[in-house]
Amino acid sequence: MALFRLPYSFPSTLPSFFPKILLPVPSFSISCSSKSTPNQLKNNDDNSNSDNPKKPKRLSEQSSWEAKDSEGRDYLYRLGKEADNMNIAVGARAGVIDDLFTGNFLGKDSDIVFDYRQKATRSFEYLQGDYYIAPVFLDKVACHIVKNYLAHLLNVKIPLILGVWGGKGQGKTFQTELIFQAMGIEPVIMSAGELESDRAGEPGKLIRERYRTASQVVQNQGKMSCLMINDIDAGLGRFGNTQMTVNNQIVVGTLMNLSDNPTRVSIGQDWRESDITNRVPIIVTGNDFSTIYAPLIRDGRMEKFYWQPTKEDIVNIVHRMYEKDDISKDEVVTIVETFPNQALDFYGALRSRTYDRSISKWIEDIGGIENLGNKLLGRKKNEELPVYTPPQVVCKRWRLYLNQGILS
């Protein structure tokens with residue numbers, strides 16, 4: 001209720017053209033009250049019928065979405081405040097984004113699990129076949145992964161990072177992927193090209209995000225995961241007169257911090273006491289770790305593993321590589337002995353060269369190099385390419401070379 005009282009007379013100071021005689025103005029009061037709506041009248045009737053008014057219906061008795069903190073803010077508001085961006089990909093931010101951009105007019109985009117459904121992990125369905133895994137390599141990688149998952153049960157300091165280093169083309173990455181496939185691990189894989197950016201701090205933030213993604217795979221999917229960075233020395237190594245950038249320093253500092261605090265990882269949001277990240281192992285590969293900042297590769301943070309396949313490993317790997325070409329293991333031993341001190345990628349390139357003649361014949365069958373573009377890209381939808389026949393005489397050619405002493 002509001003009460004207004006009008007004065008008996010106007011102020012005494014008036015312009016000269018007003019008359020001197022003023023009539024008295026009676027006083028009266030005005031009472032204002034809110035208008036009762038039909039819904040309010042109905043609610044009043046309901047309240048009069050029952051002493052205990054009905055509580056608003058919750059989405060679920062076990063749901064915490066509507067639970068408010070001491071300041072009266074719900075879960076979505078806190079989540080939006082903790083995020084470091086202003087988009088709506090991770091939830092509707094109450095009080096931050098106008099309802100026009102989250103309502104029915106432009107379409108709703110308040111999917112709280114949007115980021116979790118993005119396929120950030122790597123699967124290895126393309127690895128079809130019976131490949132050989134070196135026992136020493138398998139033992140080192142599997143032991144490192146298991147130790148990190150049991151770190152809370154072991155009364156010993158477990159290095160978070162495993163550094164696999166060695167010569168070029170020795171199959172470090174491929175052997176690791178074969179182990180991931182055999183153990184059922186879905187890793188998050190990064191490359192050295194992601195360790196630099198035109199914006200300061202982005203690579204370090206990306207590493208923390210990928211690490212948390214691997215942790216979420218463990219928590220949400222119940223699968224083992226890890227973070228793998230290939231060719232880390234290419235992104236962080238110091239070669240000659242190369243320049244150290246701010247991002248290099250931030251990446252090194254980020255990896256050192258992850259090694260020291262693997263369960264507390266921030267990506268820029270406010271800290272929460274309940275925000276505990278699952279510890280996941282990190283595996284990095286490289287050719288020369290001596291070019292990396294020394295405190296990062298020290299014992300306690302990184303366990304180093306030098307990979308140099310033995311002759312037996314090379315023979316077994318190459319034999320599985322040539323198994324489809326009907327080449328016996330004795331012939332593979334002869335090839336390896338003929339070309340000693342070669343990396344594994346050399347024997348893979350040697351096998352691919354045996355297909356060159358068949359591919360050249362296939363190019364002639366489709367009309368030569370002049371029509372190659374039209375045949376490959378400009379053909380009709382139902383038009384098929386000429387059938388390519390893989391070389392069936394690979395084994396015979398190898399035996400002929402061996403018998404003639406060309407490879408010996």
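The values are calculated or read from the model by the stated rules, or taken from the named source; none is laboratory data. As the structure is a computational prediction, the values presented were derived from the model and not from experiment. Don't worry about glycine lacking a Cβ; one is built from the backbone with ideal geometry, like all the others, and counts go over all protein chains shown. All accessible areas refer to the heavy atoms of the entire protein, side chains included, with ligands and DNA or RNA removed. Shrake-Rupley method; radii C 1.70, N 1.55, O 1.52, S 1.80 Å.
Quick check on the stretch 259-378: take the gyration tensor over C-alpha atoms, sort the square-rooted eigenvalues as a ≥ b ≥ c, and tell me if it's rounded (a/c under 1.5), prolate or oblate. Before the final figure, lay out the partial values.
Details: a/c = 3.34, a/b = 1.69, b/c = 1.98.
Oblate, since a/c reaches 1.5 and b/c is not below a/b.
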Between the stretch 130-192 and the stretch 292-311, what's the alpha-carbon centroid distance in Å?
13
Tell me the relative contact order for the stretch 110-304 as a rounded percent, counting alpha carbon contacts under 8 Å between residues six or more apart.
31
Could you work out how much longer the chain between residue 123 and residue 337 gets when fully extended? Use 0.36 nm per residue separation minus the Cα distance between them, nm to one decimal.
73.5 nm
For residue 147 paired with residue 330, estimate the spin-label separation in nm (one decimal), with each label point 7 Å from Cα along the Cα-to-Cβ line.
4.3
If I model a spin label as a point 7 Å beyond the Cα along the Cα-Cβ vector, how far apart are those points for residue 245 and residue 157 in nm?
3.2
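Roughly speaking, what is the stretch gain from residue 385 to residue 174, that is 0.36 nm per residue apart minus the C-alpha to C-alpha distance, in nm to one decimal? Write down the numbers at each step before the final one.
Numbers: separation 211, 0.36 × 211 = 75.96 nm, distance 3.20 nm.
Here the answer is 72.8 nm.
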Taking the Cβ of residue 141 as the centre, find all other residues whose Cβ is under 14 Å away and add up their charges (Lys, Arg: +1; Asp, Glu: -1).
+1
Relative contact order %, the stretch 309-402, counting alpha carbon pairs below 8 Å whose residues are six or more apart
30
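Using only the Cα atoms of the stretch 110-304, build the gyration tensor, take square roots of its eigenvalues as a ≥ b ≥ c, and label the shape rounded, prolate or oblate: rounded if a/c is under 1.5, else prolate if a/b is larger than b/c, else oblate.
Details: a/c = 1.33, a/b = 1.02, b/c = 1.31.
Rounded, since a/c falls under 1.5.
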Could you order peptides 242-252, 279-289 by the average number of other Cβ atoms within 10 Å of their residues, highest first?
279-289, 242-252
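So for each of 364-371, 350-357 I average, over its residues, the number of other beta carbons within 10 Å; can you give me the resulting order with the highest mean first?
350-357, 364-371
For the stretch 110-304, what is the accessible area per residue in Å², given a 1.4 Å probe and the full set of protein chains? Walk me through the numbers before you get to the answer.
Details: 9510 Å² over 195 residues.
Per-residue accessible area for the stretch 110-304 comes out at 49 Å².
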Pull up all non-local amide H partners of residue 191: gap of 5 or more, or a different chain, and H-to-H distance under 5 Å with H placed in the peptide plane.
230
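Give the calculated FRET efficiency between residue 377 and residue 219 to the nearest 0.05, with a Förster radius of 35 Å applied to their Cβ-Cβ distance. Could the numbers behind the result be given before it?
Working: r = 45 Å, r/R0 = 1.28.
Step by step, r from the Cβ atoms, then E = 0.20.
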Regarding the stretch 309-402, what is the average projected area of its C-alpha convex hull, in nm²?
7.6
Extended-chain gain in nm, criterion 0.36 nm per residue less alpha-carbon gap, residue 68 and residue 298:
78.2 nm
